[in-house]
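*Asks:* This is the structure I want to talk about, given as structure tokens.
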Amino acid sequence: MKRVFSGIQPTGIIHIGNYLGAVKNWVALQEQYDSLFSVVDMHAITSSYFQVGSGTHIAEQLKESTKITAATLLACGVKNIFIQSQVPEHAYLMWIFSCISPMSWFQIMTQFKEKKSALNGASLGLFAYPALMAADILLYKAELVPVGDDQTQHLELARNVASRYNGLFGDFFPLPQPLYTTGTRIMSLRDATTKMSKSAKSEMSRVNLLDSPDEIRNKFIKAKTDSEGTVKYDLTRIEVANLFHILSEFTGKKPEMLEAEYRWGDSLAFKQTIAEVVIEKLRPIREKTEELMKGDNLFEDLEKGRQKAGELASLHIKEIKKTVGFTV
Ligand code: TYM
């Protein structure tokens with residue numbers, strides 16, 4: 001059976017972009033494939049400690065976000081979840097990958113360039129981030145990686161790293177392929193030229209899975225749209241098209257079908273409808289997450305995930321150590 005691997009950073013609360021672009025797909029895929037999913041807390045520190053400030057405060061936040069992210073994933077129905085830093089083989093393999101990959105592969109990463117300019121500099125960890133992501137996937141010899149299309153370049157790099165290793169030592173790693181949901185990237189509600197993101201400054205730009213009904217209503221009603229009065233599905237009207245994509249994903253109806261229903265409605269009524277649909281879809285996830293945050297089930301589930309990941313990781317690392325010439 002093919003193996004699926006994917007990860008999500010615990011840098012904040014999971015938003016509907018992450019959910020529609022990745023997590024919803026994870027839930028469907030785990031029925032058909034041998035799956036593993038990770039809360040990638042080691043990725044989350046690539047920028048947070050770069051700014052000089054209160055390290056302890058950020059550490060506390062990270063611990064809490066990791067727990068909430070894991071609980072939210074479980075509430076969404078994801079199984080086999082583990083926390084990346086609890087399986088140290090990820091970092092071990094990343095080092096080997098760093099030593100077989102040319103720096104030029106990393107210099108062209110657009111996410112690195114964007115983050116570097118936003119931060120006014122970058123840590124070595126941020127630069128090497130795609131090597132850790134390649135290690136996450138290849139440590140389990142995963143063949144399929146359900147992600148949003150913003151991860152395309154990182155996955156290409158993972159395939160290049162796998163090929164380089166196989167070329168040096170003989171076939172060992174499969175070349176992992178991305179699995180996209182619909183290919184629709186969910187954009188910010190404040191600026192539809194940028195993707196909805198956990199790191200954007202404005203809370204109004206994203207709808208989080210744990211937002212209250214009032215917060216969700218407020219965010220949709222204040223979502224930026226153009227000055228044309230009619231609601232029409234037109235990809236050149238990027239803000240309205242983004243709202244159609246969100247409604248389409250949550251209702252399972254094609255945007256063209258939804259347009260027939262809403263074309264002559266005004267944009268406020270359209271936004272109110274979306275808000276109510278999203279509130280009802282997210283309600284069970286929010287309630288289940290709150291319940292999990294209170295009890296011990298969360299830790300039991302995470303321990304099961306860690307054991308499954310840990311067994312595979314140590315098996316593969318043993319073989320890799322022998323291959324690259326480390327004494328076992
Ligand atoms: P992260 O934490 O930024 O996002 C998690 C997943 O959500 C998808 N996503 C989106 N999809 C649609 N619209 C959006 N606006 C949107 N924002 C985020 C992302 O594509 C991703 O699938 N590098 C990864 C984490 C990672 C990983 C891995 C993923 C680390 N190791 C190994 C797969 C395999 C990241 O930062 O995702």
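The values are calculated or read from the model by the stated rules, or taken from the named source; none is laboratory data. Worth saying up front: this structure is predicted, and the values here are computed from it rather than measured. Neighbour counts run over all protein chains shown; Cβ positions are idealised from the backbone, glycine included.
*Asks:* If you scan region 173-219, which residues turn out to be part of a strand (DSSP E or B) and under 17 Å from I274 (Cα atoms)?
*Replies:* Within region 173-219, M187, N208 qualify.
*Asks:* Of everything in region 50-82 that's of a type in the set (S, T, Y) and surrounded by 15 or more Cβ atoms within 10 Å (Cβ to Cβ), which residue is nearest to K281 (Cα to Cα)?
*Replies:* T72
*Asks:* I would also like to ask the following. I'd like the full set of residues that are in contact (Cβ under 8 Å) with a residue 40 or more places away in the chain and among the β-branched types (V, I, T), limited to region 137-192.
*Replies:* Once the filter is applied, which keeps residues that are in contact (Cβ under 8 Å) with a residue 40 or more places away in the chain and among the β-branched types (V, I, T), region 137-192 yields I137, V145, V147, V161, T181, T182, T184, I186.
*Asks:* Moving to a separate point now. Name the residue that is surrounded by the fewest Cβ atoms within 10 Å (Cβ to Cβ), counting only residues in region 9-35 that are in a loop (DSSP other than H, G, I, E, B) and near the ligand (Cβ under 10 Å from one of its atoms).
*Replies:* Filtering first and then ranking leaves G12.
*Asks:* Considering only region 43-55, how many residues are more than 9 Å from the ligand (Cβ to nearest atom) and either assigned to a helix (DSSP H, G or I) or β-branched (V, I, T) (or both)?
*Replies:* 6
*Asks:* Every residue in region 141-153 that is out of contact with any Ser or Thr (no Cβ under 8 Å at 6 or more places or on another chain), of a type outside the set (D, E) and surrounded by fewer than 24 Cβ atoms within 10 Å (Cβ to Cβ), please.
*Replies:* Those that are out of contact with any Ser or Thr (no Cβ under 8 Å at 6 or more places or on another chain), of a type outside the set (D, E) and surrounded by fewer than 24 Cβ atoms within 10 Å (Cβ to Cβ): K141, L144, Q151, T152.
*Asks:* For region 144-162, what are the residues that are in contact with a strand residue (DSSP E or B) (Cβ under 6 Å, 6 or more places away or on another chain) and not in a helix (DSSP H, G or I)?
*Replies:* Those that are in contact with a strand residue (DSSP E or B) (Cβ under 6 Å, 6 or more places away or on another chain) and not in a helix (DSSP H, G or I): L144, V145, P146, V147.
*Asks:* Residues S65, S38, S6: which one is more than 10 Å from the ligand (Cβ to nearest atom), touching a residue at least 12 places away in the same chain (Cβ under 8 Å) and either part of a helix (DSSP H, G or I) or touching a strand residue (DSSP E or B) at 6+ places or on another chain (Cβ under 8 Å) (or both)?
*Replies:* Going through S65, S38, S6 in turn, just one is more than 10 Å from the ligand (Cβ to nearest atom), touching a residue at least 12 places away in the same chain (Cβ under 8 Å) and either part of a helix (DSSP H, G or I) or touching a strand residue (DSSP E or B) at 6+ places or on another chain (Cβ under 8 Å) (or both): S65.
*Asks:* Quick check on my filter: what residues within region 84-103 are outside any helix (DSSP H, G or I) and β-branched (V, I, T)?
*Replies:* Scanning region 84-103 gives a single hit, V87.
*Asks:* Here's a follow-up. Quick check on V145: is it closer than 24 Å to A309 by Cβ and either outside the structural domain of I320 (by TED's automatic domain parsing) or within 10 Å of the ligand (Cβ to nearest atom) (or both)?
*Replies:* The answer is yes for V145.
*Asks:* Among the candidates E89, E114, which residue alone is more than 13 Å from the ligand (Cβ to nearest atom) and either among the aromatic types (F, W, Y) or over 30 Å from K288 (Cβ atoms) (or both)?
*Replies:* Result of the check over E89, E114: E89.
*Asks:* Here is a follow-up. If S123 passes every condition in (1) in contact with a strand residue (DSSP E or B) (Cβ under 8 Å, 6 or more places away or on another chain); (2) among the polar types (S, T, N, Q); (3) modelled with pLDDT under 95 but one, which one does it miss?
*Replies:* Only one criterion is unmet by S123, namely (1).
*Asks:* Being surrounded by 15 or more Cβ atoms within 10 Å (Cβ to Cβ), farther than 16 Å from S267 by Cα and touching a helix residue (DSSP H, G or I) at 6+ places or on another chain (Cβ under 8 Å) narrows it down to one residue among K219, K198, K254; which is it?
*Replies:* K198
*Asks:* Looking at region 243-256, can you tell me whether even one residue there is within 26 Å of the chain's Cα centre (by Cα) and of a type in the set (K, R)?
*Replies:* Yes, because at least one residue in region 243-256 is within 26 Å of the chain's Cα centre (by Cα) and of a type in the set (K, R).
*Asks:* Of the residues Y129, Y165, which single one is within 11 Å of the ligand (Cβ to nearest atom) and either in a helix (DSSP H, G or I) or surrounded by fewer than 18 Cβ atoms within 10 Å (Cβ to Cβ) (or both)?
*Replies:* Y129
*Asks:* While we're here: Sort out which residues of region 26-74 are among the charged types (D, E, K, R) and within 21 Å of V87 (Cα to Cα), and write them in order of number.
*Replies:* The answer is D34, D41, E60, K63, E64, K67.
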